[in-house]
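To start, the structure under review is shown below, and the notes come after it.
The values are calculated or read from the model by the stated rules, or taken from the named source; none is laboratory data. Keep in mind that what you see is a predicted model, and the values were worked out from it rather than measured. Methodologically, a virtual Cβ is constructed for each residue, glycine included, from the backbone with ideal geometry; neighbour enumeration extends over all protein chains shown. Ligands, DNA and RNA are excluded from the accessible area calculation, which covers all protein heavy atoms including side chains. Shrake-Rupley method; radii C 1.70, N 1.55, O 1.52, S 1.80 Å.
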Amino acid sequence: MKKHILIVPGDGIGQEVTEVGKLVLERIAEKFGHEFTYDEALIGHVAIEATGNPLPDETLEKMRASDAVLFGAVGHPKYDNDPSAKVRPEQGLLKMRKELGLYANLRPIKLFDELLAASSIKPEILRGSDILFFRELTGDIYFGEKGRKNDGDTAYDLAEYSKFEVERIARKAFEAAQTRGKKLCSVDKANVLETSRLWREVVQAVATEYPDVTVEHMFVDAAAMMLIKDPKRFDVVVTANLFGDILTDEASQIAGSMGMLASASIGDGTGVYEPIHGSAHDITGKGVANPLASVLSAALLLDISFGLKEESNAIIDAVDRLLKDGYRTRDIADATTAEEKILNTQAAGEELLKRL
Ligand code: IPM
Ligand code: MN
């Protein structure tokens, strides 16, 4: 298969982990006889530094012209404590999502058995957890009108959803549930929010097209609690942009570490595959970041954008064996991990490639 992949490392540890993700793609191409070509582009803080724009037109054009994008992270601490900054790295990410029509963000939360001890949740609660989140990614309070009034003393962000937006993400979630445990939990705040009442109404209507899927509706506060109390009760979860952002960071603890979680953003055109962890400037440049989320993002890319299931599984299998052989990056090591089994980013990549 001939495919063109755009590598967009972005900021912070995005650079380090995406390098490993790319090595894995190259190895897969070699092993399975595919021809992958690559290009690179800028986004986020590095793009602001180089061009003044967090998402240069050139990057967007290259994204549109690629078959898939392997993405790193965006963000820089210098903006976090400067609320007045007009140009921010995250604007690049949000604009990319909107421009590419990436309305569905899939975040699989799957625990590798070997990492039971890496989580702060009790093993007997965790064992067997396997959740697939569908986070809506181009609507909600993220993209509604925002501003200040009363001489700047009052601020507002408008949350908005249309029936069409809810319907298309709901369908994706129902379709996924049909291929898994046939259970869908739709998370909202319909006791308070009008957008959530529309959300629930639409999900209930779409549900009639998928009679084989059992649907439940849960308020987001209860869902936040239930994720920790009994993660195994969830199969597929569908929710709005902001709720999904928060719940998936929480759910990352079910998988042991944010460093393990990959995501796929899909929609109308090119799919974008990225770790759910951010730019992590506290460890940037130290070479200790866990590259497995990027590696697993590459696996999702092969599966979802290219339909290469066997290749994708080969990657997941190699990650599994790496962990079974006792290797860990710092974030997933525990008190029982021997010092010589703790790998830096590059060494983790090398051990992984050996197993591919
Ligand atoms: C994520 C991130 C982004 C979001 C930030 C960086 C804008 O937290 O992808 O989850 O809030 O969507
Ligand atoms: Mn987030």
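General remarks:
- Taking the stretch 119-152 as the range and being within 16 Å of ligand 2 (Cβ to nearest atom) and open to solvent by 20 Å² or more (accessible area, probe 1.4 Å) as the test, the residues that pass are ILE141, TYR142, PHE143.
- Pairs are defined by a Cβ separation below 6 Å, a sequence spacing of at least 6 or placement on different chains, a first member in the stretch 274-288 that is within 11 Å of GLU16 (Cα to Cα), and a second member that is away from ligand 2 (no atom under 16 Å from the Cβ) and open to solvent by less than 20 Å² (accessible area, probe 1.4 Å); the pairs so defined are ILE283/ALA289; GLY287/THR345.
- All positions within the stretch 153-191 that are among the small types (Gly, Ala, Ser) and either surrounded by fewer than 14 Cβ atoms within 10 Å (Cβ to Cβ) or out of contact with any strand residue (DSSP E or B) (no Cβ under 9 Å at 6 or more places or on another chain) (or both): ALA155, ALA159, SER162
- Taken over the stretch 329-347, the residue count meeting the criterion of being surrounded by 20 or more Cβ atoms within 10 Å (Cβ to Cβ) and under 21 Å from the mean Cα position of the chain (by Cα) is 3.
- Selection count where residues are outside any loop (DSSP other than H, G, I, E, B), open to solvent by less than 20 Å² (accessible area, probe 1.4 Å), within 16 Å of ligand 1 (Cβ to nearest atom) and in contact (Cβ under 8 Å) with a residue 60 or more places away in the chain, scope the stretch 64-80: 5
- Neighbours by Cβ (under 9 Å, 6+ apart or cross-chain): first from the stretch 97-118, away from ligand 2 (no atom under 16 Å from the Cβ); second in a strand (DSSP E or B) and of a type in the set (A, V, I, L, M): LEU100/VAL69; LEU100/VAL272; TYR103/ILE266; LYS110/ILE131; LYS110/LEU132
- Selection status of GLY278, assigned by TED's automatic domain parsing to the domain that holds ILE5, closer than 30 Å to LYS3 by Cα, assigned to a loop (DSSP other than H, G, I, E, B) and open to solvent by 30 Å² or more (accessible area, probe 1.4 Å): yes
- Candidates ALA50, ALA29 - the one that is in the same structural domain as ASP325 (by TED's automatic domain parsing), away from ligand 1 (no atom under 16 Å from the Cβ) and in contact with a Leu (Cβ under 9 Å, 6 or more places away or on another chain): ALA50
- Any chance LEU158 is within 16 Å of the chain's Cα centre (by Cα), closer than 30 Å to VAL69 by Cβ and outside the structural domain of ASN313 (by TED's automatic domain parsing): no
- Close Cβ contacts (under 7 Å, 6 or more residues apart or on different chains) running from residues in the stretch 211-238 that are of a type outside the set (A, V, I, L, M, F, W, C) to residues that are open to solvent by 60 Å² or more (accessible area, probe 1.4 Å) and outside any loop (DSSP other than H, G, I, E, B) comprise ASP212/GLN178; THR214/LYS183; ASP235/LYS183.
- Test: residue in the stretch 295-317 that is within 14 Å of ligand 1 (Cβ to nearest atom), among the small types (Gly, Ala, Ser) and either farther than 15 Å from CYS185 by Cα or open to solvent by less than 10 Å² (accessible area, probe 1.4 Å) (or both): yes
Results for (1) of a type in the set (Val, Ile, Thr); (2) outside the structural domain of GLU30 (by TED's automatic domain parsing); (3) assigned to a helix (DSSP H, G or I), shown as yes or no for each residue.
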| residue | (1), (2), (3) |
| --- | --- |
| MET218 | no, yes, no |
| ALA224 | no, yes, yes |
| ILE228 | yes, yes, yes |
| PHE243 | no, yes, yes |
| SER265 | no, no, no |
| ASP268 | no, no, no |
| VAL272 | yes, no, no |
| ASP303 | no, no, yes |
| ARG321 | no, no, yes |
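- Count - residues of the stretch 237-250 that are farther than 13 Å from SER263 by Cα and either more than 8 Å from ligand 1 (Cβ to nearest atom) or open to solvent by 40 Å² or more (accessible area, probe 1.4 Å) (or both): 9
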